[in-house]
Number of protein chains: 2
Amino acid sequence: MMTLENKYSPIGVFDSGMGGLTAVREIMNILPNEDIIYLGDTARVPYGTRSPETIMKYAEQDMEFLKRRGVKIVIAACGTVSSVMASGKSPVSEQCVGVIYPAAEESCRVTKNKKIGVIATAASIKSKSYEKIIKSLCREAEVYAVACPMFVPLVENGYTSRDCPQTVLFVREYLSGLKEKGIDTLLLGCTHYPLLSEAISDFLGPDVRLISSGAEAAKSAKKTLSEKGLLNDGNAPGKISLYCTDSAELFRENVSHFIHLENISIEQRSVDD
Amino acid sequence: MMTLENKYSPIGVFDSGMGGLTAVREIMNILPNEDIIYLGDTARVPYGTRSPETIMKYAEQDMEFLKRRGVKIVIAACGTVSSVMASGKSPVSEQCVGVIYPAAEESCRVTKNKKIGVIATAASIKSKSYEKIIKSLCREAEVYAVACPMFVPLVENGYTSRDCPQTVLFVREYLSGLKEKGIDTLLLGCTHYPLLSEAISDFLGPDVRLISSGAEAAKSAKKTLSEKGLLNDGNAPGKISLYCTDSAELFRENVSHFIHLENISIEQRSVDD
């Protein structure tokens, strides 16, 4: 299907589930006039434990879903997809803004001691994409990467409070090594993780800067659209449309953990729709 | 595709992921001569957080995958699928042995004080299938059902030890109410949960009987096959073939948490294959 994108076309964002909504929230903050179409592939979430081939197949389908709706840019607001994209060429990697490069750039910009921690899903860490990109931007950086496979289930089941003892224990288990290494910057390489920022900062202390991959992707998308003359210069507040591939009701129940929206439109669609 | 099943045909078992392997282990114990074909739908695991419609669509595809391979019986070794099946008629519910009915029957048989606890995924508990079936078998039973959404991620990430503090905390959080009610029987309504038996028994004490849904489904399948004259009466040890819908390598890495097999054959296939 041919579409003619222009500055009034929506921004497309996809993720395996709800995590990418942290990126949507950031886009709404810095680009309040933009329409946004979000796809959460909740029928197949999570992607982080799957193989690279499966992840890329799913990501291509997600991207096509958004392109059929005439978006002017696609953000893969999913650390797993972004890291697999970054490790090889594919239709997705050529047509998407990922969350890795912008966050890696920002991490290199803010670190003083050049010791950067990266936390993400098992698939992202295994791909070594974050490490490679950080090293390519800052050769002297020491990168310490740790998979935190329980963080996504914790967030998705609401265990995000800094006072939740299980969350505190998992944070300590996963981040103790990074603390010992003396990192001054921690890249949150999964869009779910900003919801654990308080528990993470409690453990690492206030001097460690947390870089949110969703927030950096939003800034990067703004820059790209600006360069191409595709920023929406209207005054009306943007329209947010959320799609998911499993039940809209289930999505609605949990959406408030990630984003606060009034009169939110959520529709269930097949990824082939 | 037409197939002609006979007593030498394999037993088919499916689950969303690896949990159903606890049922395979039980079948191997009580029916050592049977060939078994197992499908773990790892490209779409977990099912327990999805909607009933999505779960039934996936289950039908899984069942068809096994039927195309000429199995003589299909066991849905997945508490989530079984509970959704039990709440309505469908092609799957008419052609599958589920894990709920046999486990409900055994729970009613062993309970003395008629206070039965049920733990399972969110989707299973929401369906109320376990409660309805237990009540239909034993009208005076008091059934206390609790969703334990973190148990599957804990098991899949290897947090199964009775000494793991996070596991101990989640067990306490989910099961405190059941302990207060004074249950004497706990139905483990998800095939992952037997891996947490030690931690669960440590908390509930030795007088609470744990009923494994996978073990009861295996016994039920044996009875059904026996009644139909379809038990394999050969002497050779059965052949076990494992299929998964995501990477076989990933599957192999984790399979040892669930089952000990030598020279195990694991192949990745599309669910439509």
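The values are calculated or read from the model by the stated rules, or taken from the named source; none is laboratory data. Not measured: the values here are computed from a predicted model. As a convention, Cβ positions derive from the backbone with ideal geometry for all residues, glycine included, and neighbour counts pool all protein chains shown.
Criterion first (assigned to a loop (DSSP other than H, G, I, E, B), more than 14 Å from chain A (Cβ to nearest Cβ), more than 21 Å from the chain's Cα centre (by Cα) and at pLDDT below 90) does B:Asn263 satisfy it? Answer is yes for this residue.
Would you confirm, using the coordinates I've provided, whether B:Val92 is over 21 Å from B:Cys244 (Cα atoms) and in contact with a helix residue (DSSP H, G or I) (Cβ under 6 Å, 6 or more places away or on another chain)? Spelling it out, it is not the case that B:Val92 is over 21 Å from B:Cys244 (Cα atoms) and in contact with a helix residue (DSSP H, G or I) (Cβ under 6 Å, 6 or more places away or on another chain). If you check B:Ile183 against the conditions, is it at pLDDT 95 or above, in contact with a strand residue (DSSP E or B) (Cβ under 6 Å, 6 or more places away or on another chain) and over 18 Å from B:Ser16 (Cβ atoms)? So B:Ile183 passes the test.
Output the residues belonging to the range B:235-246 that are buried (at least 19 other Cβ atoms within 10 Å of the Cβ) and in a loop (DSSP other than H, G, I, E, B). Let's see the steps before the verdict.
So the first thing to find is which residues in the range B:235-246 are buried (at least 19 other Cβ atoms within 10 Å of the Cβ), and the list is B:240, B:242-246.
Of everything in the range B:235-246, those that are buried (at least 19 other Cβ atoms within 10 Å of the Cβ) and in a loop (DSSP other than H, G, I, E, B) turn out to be B:Thr245, B:Asp246.
Within the range B:219-251, the set of residues being within 14 Å of chain A (Cβ to nearest Cβ) and touching a Leu at 6+ places or on another chain (Cβ under 9 Å) comprises B:Cys244, B:Thr245, B:Ala248, B:Phe251.
Would a scan of the range A:39-58 turn up a residue that is out of contact with any Lys or Arg (no Cβ under 9 Å at 6 or more places or on another chain), more than 14 Å from chain B (Cβ to nearest Cβ) and surrounded by 20 or more Cβ atoms within 10 Å (Cβ to Cβ)? No, the range A:39-58 contains no residue that is out of contact with any Lys or Arg (no Cβ under 9 Å at 6 or more places or on another chain), more than 14 Å from chain B (Cβ to nearest Cβ) and surrounded by 20 or more Cβ atoms within 10 Å (Cβ to Cβ).
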